[in-house]
Structure formats: C-alpha cells, structure tokens
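Taking it in order: structure first as structure tokens, then the write-up.
What follows is calculated from the coordinates using simple rules that are stated; it is not laboratory data. Because the structure is predicted, anything quoted here is derived from the model rather than measured. So basically every Cβ, Gly included, is an ideal-geometry build from the backbone, and we count neighbours across all protein chains shown.
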Amino acid sequence: MIKYAENKLKSSAKITKSFRKEDVVPDWWVVDASGQTVGRLASQVASLLRGKHKPIFTPHVDTGDYVIVINAEKAVFQGKRAEKKEYSRHSMYPGGRKVRKYVELKNEKPEFILQHAINGMLPKTTLGNSIRKKLKVYAGSEHKHEAQKPQLFQIKD
C-alpha cells in the first residue's frame, strides 16, 4: 500500500514545485539612495536581494537579484537619529568596545552605513552570506557594473 501511494504522489500534478538555484536567473537593479531614509531603503533593498518580489521565491534557495546602491552618502536618518546613532564593535578583549558616531562614519565610509543596515535585515546563515555578496554599495553616482545593464528600481515611499 505504501509503495502505491508514493508512486501516485510522484505522478500527481498537485505537487508544489520547489525551485532550485539553477532555475533562477538573477536581474541587476540600480537603486538611488539620495534623499531616502536609511531604514526604509534598507528594507526594500533587502527584499530585492532575498528575491521576495518574485513569484518563484523559495526561502531556502537564493532567488534574489543583484542590487547596486549609488549615492550612499546622500541617504538620511529621520529626526535626531543622526545625532544619536552609534555603531559599536568589540575586539573580544576586556574593555575592547569601540564606538563610532554616525557623523564620523558618514565622512569616512558612507557605504558602511547602508551595508550595515541592509546586512542586519538579511539572514545570518550561509544563505545570507551568499545573498550579501550580491550587494554593491557606492558613495558616488558612478559604478562599474554598466556591462550587466542594470535596471533602475524606484523606491516606494
């Protein structure tokens, strides 16, 4: 009886198809960060990277697209958030906590602020590591991915 049921399931058309990595063809998107709020921009870019905008989205497969973020230095925080925001890291030695203010980082590494926000919205697994490699953030309006013919993505307000 069990063998019959298995054969019946294999031939049934009602089985949900799970997409594999080979079935996915990633697109390239360009996102302009000028004047955008960091958190709202990061959530939409994370959704693009993850592939949640596609009907073939599968949680355990990298179905996402490549995303190029330009004008990262022009992304803003709302209200007094820019004055209060701190980025911390730890060397794992006693007293090894380093804290940097948003204003310092914006002058030195404006790409880091958006990368940090977007990475916080992605899974912390090996799948998340492969998704993170598809993110390209540039401080200015120039990028080196013209050969991929990226499409402009409009951020929803």
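Give me the angle, in degrees from 0 to 90, between the Cα long axis of helix 2-11 and the longest principal axis of the Cα atoms of the chain, rounded to the nearest 10. In the chain, helix 2-11 runs at an angle near 70 degrees to the longest axis.
Measuring from centroid to centroid over Cα atoms, what is the spacing of the range 107-140 and the range 29-103 in Å? Computed from Cα coordinates, the inter-centre distance equals 6 Å.
Farthest toward the positive end of the dipole of the range 69-157, out of 154, 140, 127, is the Cα of 127, where the dipole comes from beta carbon charges about the Cα centre. Nearest 0.05, what FRET efficiency do residue 112 and residue 56 give at R0 = 35 Å with Cβ-Cβ as r? With R0 = 35 Å, the Cβ-Cβ based efficiency is 0.65.
The value of relative contact order for the chain, using C-alpha pairs under 8 Å at least six residues apart, is 30 percent.
Once you've got the Cα coordinates, tell me which of 14/133; 14/156; 85/124; 54/106 are over 30 Å apart. Listed pairs above 30 Å: 14/133; 14/156; 54/106. A cut-off of 5 Å between modelled amide H atoms, ignoring neighbours fewer than 5 places along the same chain, links residue 30 with 68, 151, 152, 153. The GNM of the chain, with springs linking C-alpha atoms under 10 angstrom apart, assigns the highest mean-square fluctuation among 144, 74, 106 to 144. In the chain, the longest principal axis of the Cα atoms and the axis of helix 38-50 are about 30 degrees apart. Take every DSSP beta bridge with both residues inside the chain and express the antiparallel ones as a percent of the total, to the nearest 5. Counting only bridges with both partners in the chain, antiparallel ones make up about 30 percent. What 222 nm value per residue comes from the helices of the chain, counting each DSSP H run with n ≥ 4 as -39,500 (n - 2.57) and dividing by all residues, nearest 500 deg cm²/dmol? My calculation for the chain gives -9000 deg cm²/dmol from helical runs alone. The three principal axes of the Cα atoms in the chain give end-to-end lengths of 68, 45, 29 Å, sorted in falling order.
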